[in-house]
Amino acid sequence: MAGKKREIQLQAVINNQSMWDEMLQNKGLTVIDVYQAWCGPCKAMQTLFRKLKNELNEDEILHFAVAEADNIVTLQPFRDKCEPIFLFSVNGKIVAKINGANAPLVNKKIVDLVNEERKIAAGEMVRPQYNEILLADSDTENAGEASSENLEQLYSIAIIKPEAVVTGKTVEIKRKIINAGFVIEAEAKRVLTEEQVRDFYSRIADQPDFEDFVPLMTNGISYILVISQGNKQDPPWKETVPNPESELEPSENQHEMVTPTVMEKWDSLQDYIERQHLSEFCDIEENMANVNKVIDIFFPDFKSITSIKLERIMALLRPDLFKKKKEDVLNIIQDEGFKILMQRQIVLSEEEAQTLCKEYKNEDYFENLIENMTSGPSLALVLLRDNGLQHWKKLIGPNTLEEAKECLPESLCVQFAMESLPINQLYGSVSLEAAEREIQYFFPPQNTLGLIKPHVTQEQREEIIDLIKEAGFEITQMKEVLLTEDQADKIYFKIKKRDFYKDVLEVLSELETTDGSYRPR
């Protein structure tokens, strides 16, 4: 209870229009955390706000507030938004807006505005003519310094070179980018033209070896990635040793789960790539003008679809719900427009359960919860939907049954409440960045060997490769080989002792002749 009082003292609670209008009468700077009733204010920023208030507020020039968008007419454009939004009011005028819990950017904006207010009060400067942020359309990029700062940091371009693609490093590079907290927003596979290479790399055109570099970049497929910084506040998964008993009925072909190592959060993708010694395989562009140029060429629809893009999240049915109501929940998920991309039953280890249930750590029932979460299989799902993260959060409701009954009684939390524990029986990723890490963890990429047999014609081979790509598989390496019997034995070990295996060997040992017929090798 004491903690809640401290929170109220730090941030004034604004939950109706009259309180909003009264708050705008504050002198100095007011930082407003705009939130939805179903998810609450951004707790991740409160430590920063408390620190700034202690350091900067000796003259009562800095104020903090939380404003519930659901009950304030002025904040109507921010309703049904899951991303944290921070507004900055100076003497009743909203002068800046920052989307997302970007602590360094919020900190800089507060310090800059407080310093301005002090200089104005001391007569050292005239009050600037701020561009007031209009709240009528929160989805557009508003004028104002904070908005432009956000844009400058929004996207980077990574080009994975043909050599790295051929040698199978693409998956490793993408995984490291994700594990470092960045988000791959879009990707394309292209053979770059000479004109494109000279344009994109014009900054190094005067280097002696540039003419040798150009053909290296045009002799095969490159991967072009659009990358955003993601949310610095998301806690990473710890690297753990997989528990072989946590797999439910593994098949004989199932690979051991590989847990990605999560690095510290980096501000610069370029710095991170260099530190990981990946610069020779992957080039980074962070200049906004050049980034926009690449996006316009390779992703012409990117800017128009980012506000309504499909989002991939991870969801989880806890053991009791999975056991008793699995089909009912899956039917609702599909009725709500989600596509189930992958699903997997898994018995969580104790460490995995503690990571997924960290928000309940201080509750009396935490030990019982961990015991429950490890008692049987849970169902992990990868879901896809337009605006999927926000819709899933609203669909399942708050973390606890008590809060759900009060704020969102129609949520799945209330509908599928279990007597065993007073919590939401469904879990969902807290952010898109966390979703990508969780999906990597619970659904790690696997490598599969495919073999096209010798009697297939060149035309059929191309058709097969096209079908593989259309099915969503990525061909990381490909080579033509004449299989020895020993190599065939290793590939076909399951049927090696079957009577027809000698016929398989004969087919594999055939070579095409110049007239299109086949002869034994």
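Out of the residues in segment 93-104 meeting the condition of being assigned to a strand (DSSP E or B) and within 28 Å of PRO398 (Cβ to Cβ), tell me which one is most open to solvent (accessible area, probe 1.4 Å).
Taking segment 93-104 as the starting set, the residues that turn out to be assigned to a strand (DSSP E or B) are 93-99.
Next, from what is left, pick out any that are within 28 Å of PRO398 (Cβ to Cβ): 97-99.
Details: LYS97: 18, ILE98: 0, ASN99: 50 Å².
This residue is ASN99.
State yes or no: is LYS5 farther than 27 Å from LYS394 by Cβ, modelled with pLDDT under 85 and part of a helix (DSSP H, G or I)?
In short, yes.
Please list, ordered by residue number, the helices (runs of 4 or more DSSP H) wholly in segment 326-416 having 1 or more residues that are among the aromatic types (Phe, Trp, Tyr), open to solvent by less than 50 Å² (accessible area, probe 1.4 Å) and closer than 19 Å to ILE439 by Cβ.
388-396
What are the pairs, 6+ residues apart or on separate chains, where a residue within segment 389-415 that is on the phi > 0 side of the Ramachandran plot has its Cβ under 6 Å from a residue that is of a type in the set (Gly, Ala, Ser)?
Cβ pairs passing all conditions: GLY397/ALA404; GLY397/SER411.
From the list LYS81, LYS51, pick out the single residue that is modelled with pLDDT of 85 or more and of a type in the set (D, E, K, R). Break it down stepwise before answering.
Working: LYS81 fails: modelled with pLDDT of 85 or more.
Checking each option against the conditions leaves just LYS51.
Check whether at least one residue in segment 79-92 is over 23 Å from PRO398 (Cβ atoms), surrounded by fewer than 20 Cβ atoms within 10 Å (Cβ to Cβ) and assigned by the TED database to the domain that holds GLN17, and report yes or no.
Yes, the conditions are met somewhere in segment 79-92.
Quick check on ASP21: is it modelled with pLDDT of 85 or more, not assigned by the TED database to the domain that holds ASN362 and not β-branched (Val, Ile, Thr)?
In short, no.
I need the helices (runs of 4 or more DSSP H) fully contained in segment 141-210, keeping only those with at least 1 residues that are modelled with pLDDT of 85 or more and either in the same structural domain as ILE273 (by the TED database) or open to solvent by less than 30 Å² (accessible area, probe 1.4 Å) (or both). So that I can check it myself, show each step before the final result.
Details: elements: 145-152, 162-166, 170-179, 194-200.
Result: 162-166, 170-179, 194-200.
Please give the number of the condition LEU75 fails out of (1) assigned to a strand (DSSP E or B); (2) surrounded by 21 or more Cβ atoms within 10 Å (Cβ to Cβ).
That leaves (1) as the condition not met.
In segment 469-499, what residues are in contact with a Gly (Cβ under 7 Å, 6 or more places away or on another chain) and under 18 Å from GLU187 (Cβ atoms)?
Within segment 469-499, THR476 is the sole residue that qualifies.
The values are calculated or read from the model by the stated rules, or taken from the named source; none is laboratory data. These numbers come from a predicted model, not from an experiment. Please note: Cβ atoms are built from the backbone with ideal geometry, for glycine as well, and neighbour counts cover all protein chains shown. Surface areas here come from the heavy atoms of the whole protein model, side chains and all, with no ligands, DNA or RNA. Shrake-Rupley method; radii C 1.70, N 1.55, O 1.52, S 1.80 Å.
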